[in-house]
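What follows is a single structure, written as C-alpha cells, with notes after it.
Each value in this text was obtained by applying a stated rule to the coordinates, not by laboratory testing. Owing to the predicted nature of the structure, the values given are computational and were not obtained by experimental measurement. Cβ placement follows ideal geometry from the backbone for every residue including glycine, while neighbour counts extend to all protein chains displayed.
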Amino acid sequence: MDRAYEDNETRQRALDFGFIPVVPPKTNRLEPWQYDKALYRKRNEVERLFRRLKVFRRICSRFDKLDVLFFGFLNFALIAEALR
C-alpha cells in the first residue's frame, strides 16, 4: 500500500487480508489514522534495499536458471551491499 492508494476501500481490503497498513495518511485527509512510525521507517529501509539490489542486473533480470545460483549471487550482492 502506498500513499497514492490510501483510500478507505484499499485500506480495509489490506486489513481483511491480514496486513497491517503502515503508510501515513495524506496531509489533506479529513480523518487521518494513526500509524507506526518505526515500522514505516523499517518498510522504507527494505524498499531502499530492493532499489539498491536492482543495480545488479543479474538479480533483477533473473539470468540464472538454477535457484542455487540465483540465491548464491543474491547472497553475494547482499554482502557487497553490507560492506559498502
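Observations on the structure shown:
- Helical runs assigned H by DSSP (4 residues or longer) give the chain a calculated mean residue ellipticity at 222 nm of -17500 deg cm²/dmol, each run adding -39500 (n - 2.57) before division by the residue total.
- The stretch 36-78 residues near the modelled residue 15 label - backbone nitrogen below 15 Å, point 7 Å along Cα→Cβ: 36
- In the chain, the sites counted are chymotrypsin sites (Phe, Trp or Tyr not before Pro) in DSSP loop states with at most 12 other Cβ atoms within 10 Å, and the longest stretch holding none of them, exclusive of the sites, is 34-62.
- Relative exposure of 23, 46, judged by other C-beta atoms within 10 Å (fewest first): 46, 23
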